[in-house]
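Have a look at the structure below, then the notes.
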Amino acid sequence: MSERIESLMDRVVSLCKRRGFVFQSSEIYGGINSCYDYGPLGAELKRNVKEAWWRAMVVERDDIVGLDSAIIQHPEVWRSSGHVAGFADLLVDCKVCKGRFRWDHLPDPKQCPTCGPKGDLTEPRAFNLMFETHAGPVKDSASVVYLRPETAQGIFTNFLNVVNSARMAPPFGVAQIGKSFRNEITPGNFVFRTREFEQMEMEFFVPPADDGTWYEYWRKERFAWYSRYGVRPEKLRLREHAQDELAHYSKGCTDVEYEYPFGWGELEGIAMRGSFDLNAHAKGSGKDLSFFDEATKSRYVPHVIEPAAGCDRTAMTFLVDAYDEETITDEESGKSETRTVLHFHPRIAPITVALFPLVKKAGMPERARELQRTLMDAGMRTYYDEKGAIGRRYRRQDEVGTPWCITIDGPTVEGDGSVTVRDRDSMKQVRVAPQELVPMLLQRMRDWKRA
Ligand code: ATP
């Protein structure tokens, strides 16, 4: 890993803290390892990631419906699904440095990654990743419950409820966004791997004969989603799992991977799960989870295609991919400076439009506030700033990825009411009549492409 690449990650992490995207959790108490809090801009960024996913999965189609299931579910759910017996990573300890590692993450299992000597590792042992707690006042084995390690099982257990209440028939999907918890052995790489994280998962139920076609469809669709929201396609790849990586019931699995500064990493997994999950819950619960097809007058257990993405990993990917440092030269003074800029898609950017009165007088602040209200009404996230030189105000917005800055100046209040709109990526300014402002911004939002 080169220094340049290593430092890119450091710079993104430092920007996240400085500008309020991500903070170390419990920082005033010295922090807690691998736990993070999202600050004002990070909360907006994550909300936009979820909104963009929900839009593509639920809003823009009529064959997928939403769900919001509980984090704590009946413990039998996790026995039937196989998580109690098998949701484990193999763990090894280094006898020399006392470090603890995931067996499948060691480059060479015989070589200890931190202290060097070979062969000084304990035998691998299974470590269940589910967090256990107790429901109610008595802490005994009968009260053990788990924090869900994935959102998917809540979808399978509600299969009949959704079919009956929303009148869905295969092919159809159920989408869910929510927190999941895994007691990871080696969390790290900022928010890439944490013990508490948010997932965006969709289970797509299809007639068994059609699962190959739908698998292909979802692989393409999910890959395209990341580039639609501005991630550079050359940094993305689809990686098909080898036969020995697949779970015994799985017919295929593909990861969408991104090339992070620390190497290629999984963003999302698209899995062909067959009828494994519905069968497992039918067996565990004693309920018939098959679907009655009115057309053929026959019953079958649908097969499932599951695109499962991580919200935090996606937010981090958008941040890392958007980050840039550019040398720019001021036309008037001829001086060069470095501008830090996040080239976010306008729908991902935490702030869509910033409003700057040129000076704090002559009716400009009042006019800026009026315009701000108009933009808020049009559903845009705005930011008002009247302090400092305009150039510095632009730089502050570039650094957090605000696509457009609007300046309210003399002609706005005394002349035709027009404002200047400055574009983050091209740094070009245009004068726009007040009635054209909202339609123009909406059009630019639709047409935006990563330069
Ligand atoms: P990995 O191999 O990285 O541990 P996984 O294959 O176990 O991940 P899945 O169970 O397929 O992950 O979960 C779907 C998605 O949820 C992942 O692609 C990732 O984006 C996200 N995710 C999983 N575990 C974590 C975690 N510990 N922290 C943050 N995101 C996670």
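The values are calculated or read from the model by the stated rules, or taken from the named source; none is laboratory data. No experiment lies behind these values; they were computed from the predicted model shown. Ideal geometry is used to build each Cβ from the backbone, glycine not excepted, and the neighbour counts take in all protein chains shown. Accessible surface is based on the protein model in full, side chains and every heavy atom, while ligands, DNA and RNA are left aside. Shrake-Rupley method; radii C 1.70, N 1.55, O 1.52, S 1.80 Å.
Quick notes on this structure:
- Here each label is just a point 7 Å from Cα along the line to Cβ, and for Gln429 and Ala362 those points are 1.3 nm apart.
- Over 26 Å (Cα to Cα) - which of Lys428/Lys449; Lys235/Lys335; Lys46/Lys98 fall in this group: Lys235/Lys335; Lys46/Lys98
- Here the gap between Lys179 and Ile72, fully extended at 0.36 nm per residue and compared with their Cα-Cα distance, gives a gain of 37.4 nm.
- Amide hydrogen neighbours beyond the local backbone of Ser180, cut-off 5 Å, H modeled: Phe197, Glu198, Gln199
- In the context of the full protein assembly, Glu51 retains an accessible surface of approximately 100 Å², using a probe radius of 1.4 Å and ignoring ligands and nucleic acids.
- Calculated FRET efficiency for the pair Arg18/Asp120, C-beta based, R₀ 45 Å, to 0.05: 0.65
- The heavy atoms of Tyr215 present about 10 square angstrom of accessible area, all protein chains included, probe 1.4 Å.
- Once both labels are positioned 7 Å from their Cα atoms along Cα-to-Cβ, the gap between Leu91 and Asp244 label points is 2.5 nm.
- The slack between Asp63 and Arg167, meaning 0.36 nm per residue of separation minus the straight C-alpha distance, is 36.4 nm.
- With all pairs of different C-alpha atoms in the average, the Kirkwood value for the hydrodynamic radius of the stretch 317-451 is 15.3 Å.
- Dipole magnitude for the chain: computed about the Cα centre from +1 point charges on Lys and Arg Cβ and -1 point charges on Asp and Glu Cβ, it is near 680 debye.
- The Cα atoms of the stretch 1-70 cover 47, 33, 21 Å along the three principal axes, with the biggest extent listed first.
- Using bins of 10 Å that start at zero, the share of Cα-Cα pairs per bin across the chain amounts to 4, 17, 25, 23, 17, 10, 4, 1, in whole %.
- Rg [Å, one decimal], Dmax [Å, integer] - the stretch 228-310, C-alpha atoms: 17.3, 54
- Heavy atoms of Asp93 accessible to a 1.4 Å probe, total area in Å² rounded to 10: 20
- Leading residue at positive end of dipole, the stretch 351-447 (Cβ point charges), from Gly391, Ile406, Thr374: Gly391
- Cα extents for the stretch 258-404 along the principal axes, largest to smallest and rounded to whole angstrom: 75, 41, 27.
- Gain upon complete extension [Phe292, Glu51; 0.36 nm per residue less C-alpha separation]: 83.4 nm
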